[in-house]
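Everything below concerns the one structure shown next.
The values are calculated or read from the model by the stated rules, or taken from the named source; none is laboratory data. Since the model is a prediction, treat every value here as computed from it, not as a measurement. Positions of Cβ are backbone-derived with ideal geometry, glycine not excepted, and every protein chain shown enters the neighbour counts. Note: areas computed on protein heavy atoms with side chains; ligands, DNA, RNA excluded. Shrake-Rupley method; radii C 1.70, N 1.55, O 1.52, S 1.80 Å.
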Amino acid sequence: MRQSTRSRIYCLVLLLASCFTVFAQAQSSKKETRQYINLNANWSFAKDPGRQATAGNWGNLKWATVNVPHTWNAFDVMDDEPGYYRGIGWYKKKLSFKPEWKNKKLALYFEGANQETAVYLNGKKIGSHIGGYTAFTVPLTNLKFNGTDEIAVKVDNAYNESIAPLTADFTFFGGLYRKVSLLVADAVHFQDDQYATKGVYIHANKVSASGAEVIINGNLSNATAVQKKLNLVSTLLDANGKKIAVTQTTVVANAKQDLSFALPAISVKNPNLWSPEKPYLYKAMTSIVDAKTGQTIDEVTTNVGLRFFSFDANTGFSLNGKAVKLIGASRHQDFAGMGNAVPSSLQVKDVELLKSMGGNFLRVAHYPQDQAVLDACDRLGILTSVEIPIVNEITETEAFTRNCKNMQVEMIKQNYNHPSIIIWAYMNEVLLRMKFNNDQPRKQQYLENIATLAQQLEDLTRATDPTRYTMMSNHGDVNGYTKAGLVKIPMIVGWNLYQGWYGGKSEDFGPNLDKIHQQIPDKPIIITEYGADVDPRIHAFTPIRFDKSLEYGMLYHQIYIGAIMSRSFVAGAAAWNLSDFNSETRDETMPHVNNKGLLTLARQPKNTYYLYKAHFNQQPFLKIGDGSWTIRGGVAPANSSTLTQLLQVISNTDSVTLFVNGKSLGTQAVKDRLSNWEVPFKNGINEIRAVAMYQGKKLEDRTSIRFVLQPDVFAQQHLAFKAINICLGSQRQFIDFQQKEIWLPSQAYKPGSWGSIGGEPFKIKNSGRQAYGSDKNIRGTFNDPVYQTQLVGLDGYQLDVPKGKYEVVLHFAELMGNGIQSVLPYNLDSLIEASKSANKEVPEQRIFDVYLNDKLIIKNLNLASTYGIANSVQKKFECMVADDKGIRLTFKSVKGKPVLNALQVKRID
Ligand code: GCB
């Protein structure tokens, strides 16, 4: 079931993706002088797992037709098999080059391919690129111009110790995953092929409220065989297209010469400053005009934003002379069902979602992203920091250093013109995967090598772009980074802090910030990460750390927001993450997904997103915080036909009035953007309506919540029992959105009612992280949380249901054991000994019988040997209850302790 449901979702997503591709193709560039011709459609693609093929010598590769953006890992990162294809993929395509282009500049422009690429023309290698997150250009010469020219692109995402990232908590999707186009330009043209830019670089200088300078420089190429006298002209237009100023210069370019140029600065009086509130964009049209003919032969259009900013260790960030707290999120680029091959329109939507949340800051993490993202930030007024993917660790080689430096310069040059960018960064938690822990001198050497690389990247960044700040993001080991000399290198230190998630209490976050500021008083600080996993299917009334509930996430973010906003030395903060993202190696409640997003992987807002919106978007806001909790359940108190449960309303108004099933529950003040309601839910659909006033305007929000009210005592007549889904050893509610069902936590049996007899909740041994349950990926199900908790050593389970016919489904998964399941059936005892000595988690040998109303229904169940570790197992039975003893499950040990993970009981007569 898991796989087929999954493929249905994927088909839908693919269909959506292909619509976007068609749309994208319709938009080819209109410019006469230079054209970018979209090459996204109809590539032949084949994986080359044997790494045998060469361009033209394909062997027996199996080809399929694909459009780019394309990744070969969209699906295999979500299956139950650990790992995903990391190897070579070939793309090939025949291109028709028009004969009239014979004297033009032609080049292929790749916006991104992960991570090593080689490009071939008619079987001959014509270019290559290292690094998965920056663009590259491959000039085309020696074409046949007869319709038979064939381009082949070899992309390889295998591990390479010379290329960052080496390891990280995200998936290294392989493929030609950003757009590809053909540049057709005049033989005399702007260019910086080495860095795959258009060759025109613009920045603002000496900006103030009363004036600014616009500085334009760049490179051009004269690929003709004659000397050319060229006028370089740039016209600055305001946002209405009105000409403000023109600057020009004349250059002489010899035959086959590349040269750099600088135009006289343009000065702008009383500029419209760019800011989050008013992201005012001027436009510069920079042209090459043939001095002899007066003809414009190339033109590049660039958005220009005029702003000035600074960071201060005590007062934080200031933009255009005004203190601004940077608030926002980090962003990964993948999307549900698509991997990293995401159409630009969806990427832009992410920035729009951030803006509408009230954010003014995007940490483009952990690597440079699609130009569409930065364009949207320029347009919407989102300040950004962009970084290269040095994550967790480095390789101490010249090749690694060289590749990192190249990436850094490519990143800066390719994104230089975006006014939204204020920070270049280059390392994330580089001391996380410490090497040589058992060899102190070697470890010291490693630390020194990291500091050397950091210093080189710092110097390179400052030299390449002195107009922005530099940053490095560290994990919470403040002393470690300080001792390693890494804190003093960048201009800003980013801290990734997770008090209340990976350890400690959320309340420790604020005091910890104070300590860091005291320890490093002269360094501006940004909180570059903080977050808590929220699996939108999980809810809890007594939320605890690592239960993955939405409710814990709300408490966590509320505390963090308070601490960030009350400290002026904190320049800004970026929640980790804007949306959930793929991290193939993660297990936990939603395997392969990091759930710290404020949005889901398909960009559905969680309540945490709305919490930010209520705090930071200035527009009137009111939202019933049902979040994903539109199916709820619970046990009715004796003789009651309702159950009272907490419902939050999220708002920036002063007070809220709530109506439940047409009846007012009164009006309540809003505190810290929340009002908490004890709502009496009845069985079935509950209509909820919230109303509030904001500056004389009425706001309203509605929702319907389906409530499954379970009788406390089955004999109560007013609530007929129909069906119940129970998770054992758990304290949370779980929603199965596919089946539209709610799973409730279990309870201890009491007469007349239902519950377990005996047993203890499963807990991972020696884990300070999770209070109950396992974090293993459970194979064969989407509903991992149903199987990740269990009662261990239970004697029985009883439901005192009335007479009738019932279906009973028992759900099991062996949670003990560590990766030795495949051999378990054959020689368990010796393996236990072996793993004991290797200090591994030892699977208890467990064999048990299960009886249903005294009848033996499962004999000698040995989950580990029959099904392996962490495999979901269902056993379905029917039973007639003809007396008043209800349903009685009895567990009898043959060896070890019996377990039960979950249980479903349904009346079927
Ligand atoms: C971090 C990392 C980030 C992870 C995040 C997490 O500190 O920088 O890449 O995804 O923590 O969720 O654990």
With a Förster distance of 51 angstrom and the Cβ-Cβ distance between T250 and A41, calculated FRET efficiency to the nearest 0.05 equals 0.75
Under the helix-only model (-39500 (n - 2.57) for each DSSP H run of 4 or more, divided by the residues of the chain), the mean residue ellipticity at 222 nm, to 500 deg cm²/dmol, is -5500 deg cm²/dmol
Over 31 Å (Cα to Cα) among K515/K548; K62/K405; K105/K206 -> K62/K405; K105/K206
Accessible-area order for S549, S310, largest to smallest, probe 1.4 angstrom, reads S310, S549
The size of the Cβ-based charge dipole (Lys, Arg +1; Asp, Glu -1) of the stretch 200-304 about the Cα centre, to the nearest 20 debye, is 200
For the stretch 621-628, in residue order, the Karplus 3J(HN,Hα) values (coefficients 6.51, -1.76, 1.60; θ = phi - 60°; whole Hz; Gly and Pro = x) are 9, 8, 8, 6, x, 5, x, 9
Between the Cα axis of helix 509-519 and the main Cα principal axis of the chain, the angle (0 to 90°, nearest 10) is 40
Tilt, helix 371-380 to longest principal axis of the chain (alpha-carbon atoms), in degrees rounded to tens, equals 90
Under 5 Å from the placed amide H of I857, counting only residues 5+ away or on other chains, we find V850, Y851, L852
Counting only backbone N atoms under 17 Å from a point 7 Å out along Cα-to-Cβ of T167, the residues of the stretch 565-599 in range are 583-587
Quick calc, E878 & S640: beta-carbon distance into FRET formula, R0 25 Å, rounding 0.05, result 0.20
Cα-Cα longer than 18 Å, checked against K859/K897; K243/K278; K144/K228; K443/K488; K803/K859, kept in input order, equals K243/K278; K144/K228; K443/K488; K803/K859
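Quantify, in whole percent, the carbon and sulfur part of the accessible surface of the stretch 403-560 (1.4 Å probe; protein heavy atoms only).
52
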Using a 1.4 Å probe on heavy atoms of the protein chains only, the accessible area for K435 in Å², nearest 10, reads 50
Note, N42: beta-carbon cut-off 10 Å, +1 each Lys/Arg, -1 each Asp/Glu, net +2
With x for Gly and Pro, the residue-by-residue ³J(HN,Hα) of the stretch 433-448, computed from phi through the Karplus equation 6.51 cos²θ - 1.76 cosθ + 1.60 at θ = phi - 60° and given in whole Hz, is 9, 5, 9, 6, 5, 9, 9, 4, x, 5, 4, 4, 4, 4, 4, 5
Residue span A771 to D439: 0.36 nm per residue of separation minus Cα-Cα distance leaves a gain in nm of 116.0 nm
Note, the stretch 34-41: 3J(HN,Hα) by Karplus (6.51, -1.76, 1.60, θ = phi - 60°), whole Hz, Gly/Pro = x, goes 10, 10, 10, 9, 4, 10, 6, 8
Sorted list, accessible surface of protein heavy atoms, 1.4 Å probe, largest first, for H475, H718 is H718, H475
The helix 550-565 Cα axis meets the longest alpha-carbon principal axis of the chain at an angle in degrees, between 0 and 90 and rounded to 10, of 40
The long-range amide H neighbours of K105, using H built 1.01 Å from N in the peptide plane and a cut-off of under 5 Å, are A185, D186, A187
Contour minus Cα-Cα span, Q618 to D849, at 0.36 nm per residue, comes to 77.0 nm
Check: C-alpha center the stretch 297-315 vs C-alpha center the stretch 118-174, spacing in Å is 31
In Å², rounded to a whole number, the accessible area per residue of the stretch 721-909 with probe 1.4 Å is 43
Rounded to the nearest 10 Å², the 1.4 Å probe accessible area of R34 is 10
Residues whose built amide H sits under 5 Å from the amide H of L383, excluding neighbours closer than 5 in sequence, are F361, L362
Once both label points are put 7 Å beyond Cα along the C-beta direction, the N217-T482 separation in nm becomes 4.0
SASA check, T54, accessible area w/ 1.4 Å probe, all protein chains in place, rounded to nearest 10 Å², comes out at 70
Under the 7 Å Cα-to-Cβ spin-label approximation, A451 and N231 lie apart by a distance in nanometres of 5.7
Between the residues P745, V184, N437, the Cα farthest towards the positive end of the dipole of the chain, that dipole coming from +1 and -1 charges on the beta-carbon of Lys, Arg, Asp and Glu, is from V184
Magnitude of the Cβ-charge dipole (Lys and Arg +1, Asp and Glu -1) of the chain about the Cα centre, nearest 20 debye, reported as 1560
With all protein chains present, the stretch 200-304 has a carbon and sulfur share of its accessible area (1.4 Å probe) in percent of 46
Subtracting the Cα-Cα distance of T464 and F737 from 0.36 nm times their residue separation yields 93.2 nm
Simple SL model, points at 7 angstrom along Cα→Cβ for T585 and K349; separation in nm is 3.1
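Which percent of the accessible area of the stretch 714-811 is formed by carbon and sulfur heavy atoms (probe 1.4 angstrom)?
51
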